[in-house]
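The values are calculated or read from the model by the stated rules, or taken from the named source; none is laboratory data. Since the structure is predicted, the reported quantities are computational estimates derived from the model, not experimental observations. Every residue, glycine as well, gets a Cβ built from its backbone with ideal geometry; the counts of neighbours run over all protein chains shown. Accessible surface areas use protein heavy atoms only, side chains included; no ligands, DNA or RNA. Shrake-Rupley method; radii C 1.70, N 1.55, O 1.52, S 1.80 Å.
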Amino acid sequence: MVATLLPSTHPARWWSLRTDGRIECWLCPRRCKLSDGQRGFCFGRQRVGDELVLTTYGQSSGFCIDPIEKKPLNHFLPGTSVLSFGTAGCNLGCRFCQNWDISKTRESERLDDAATPEMIASTAQRLGCRSVAFTYNDPVIFAEYAIDAARACHELGIKTVAVTAGYISSEARPEFFGVMDAANVDMKAFTDDFYQRLCSARLQPVLDTLEYLRKETAVWLEVTTLLIPGQNDSADEIDRASDWFAAHLGPDVPWHFTAFHPAFKMLETPPTPPASLLRARDLACAKGLKYVYTGNVQDRAGGSTWCPSCGALLIERRWHELGDYNMDDNRCRACRCQIAGRFEHHPGTWGARCQPVRLS
């Protein structure tokens, strides 16, 4: 039996004391305003006296070695293993959350493994993981912990990955993403109505984060959209989103359309039909996007990477398992076209398995 971890009192950043006596957190666009003892919407940040603390620093809801393709990242060190972990809470309120037991928790009992940033980095190195992913719940809300862990990883040559909804303030973006090597950002829909009704958030800050990553950083970026029947899967919305994507992010950023499965407060909504994913992929490709993928379904064509120049199969995928690999470093073996991404001469051999790990 693992003892329940006590909340951390690690000093939080990105806040100020207002003239009305409340503390204003400006880590994310919510700008929560807190009286003594109150927690932010995200659960992880709490006012204690006249300070803001991160209650989940050094604590995790679990560690697991995953294939990098599960993040999903298809153009970042394919086939390699990544040490994944998260904490508890989230700064969005998605009614369809697939990890609701972690991200929606309001109980610190979900945190049952302790690890310093140095422990995380050394464990990744010992287990042969090429990268560490801050995931499961949104790492923006445990930014101080993620940043320290990322710095420790870099000291040992370990890459870092943020899997995030991109709901972060302009003030916090530079330092948070400044220590990330790759990011997968959820663009959950392309209407503000969707974000307000189903996520208790707004669309524009996410679009701002995407543009920031693409234009102002060297972070490798991939984007994911979970298609929910009747909510964000219309041809018109995908068409408009594709236009924005092509104009603001460009044709080389991979886009993953993934299948919804009933979860949390949307148990009555049916799963995404595979045909919806195929249609979305076709619409995005028609706008000139080079690397568009389907996920959470059996679809070899939609899950594999194809050369945008000659059409050759470059990286075959079946779920998270690699098959044929026809690249030389970052070039198509057939026509020598350069493929956007972070590739090495040989792919990793981790496979599709997921292996839980305890650090304490």
In the range 289-303, the residues that are at pLDDT 95 or above and among the aliphatic types (A, V, I, L, M): Leu289, Val292, Ala301
Of all residues in the range 290-307 being of a type in the set (A, V, I, L, M) and open to solvent by 10 Å² or more (accessible area, probe 1.4 Å), the one that is farthest from the chain's Cα centre (by Cα): Ala301
Boolean, Arg240 is open to solvent by less than 10 Å² (accessible area, probe 1.4 Å), of a type in the set (D, E, K, R) and touching a residue at least 40 places away in the same chain (Cβ under 8 Å): no
Flag if Pro347 is out of contact with any helix residue (DSSP H, G or I) (no Cβ under 9 Å at 6 or more places or on another chain), closer than 21 Å to Thr191 by Cβ and surrounded by fewer than 21 Cβ atoms within 10 Å (Cβ to Cβ): no
Checklist (1) at pLDDT below 95; (2) of a type outside the set (A, V, I, L, M, F, W, C); (3) farther than 24 Å from Gly341 by Cα; (4) surrounded by 15 or more Cβ atoms within 10 Å (Cβ to Cβ) applied to Asn232, failing item: (1)
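Among the strands (runs of 3 or more DSSP E) lying completely within the range 19-97, list those that include at least 3 residues that are closer than 24 Å to Thr224 by Cβ and touching a helix residue (DSSP H, G or I) at 6+ places or on another chain (Cβ under 7 Å). If you could, list the steps in order and put the result at the bottom.
Numbers: elements: 23-25, 45-48, 51-54, 62-67, 81-86.
It comes to 81-86.
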Residue match in the range 18-37 (condition: aliphatic (A, V, I, L, M), closer than 25 Å to Arg358 by Cα and modelled with pLDDT of 95 or more): no
Long-range neighbours under 6 Å by Cβ, at least six apart or interchain, first residue aromatic (Phe, Trp, Tyr) within the range 22-51, second open to solvent by 40 Å² or more (accessible area, probe 1.4 Å) and at pLDDT below 95: Phe43/Arg106
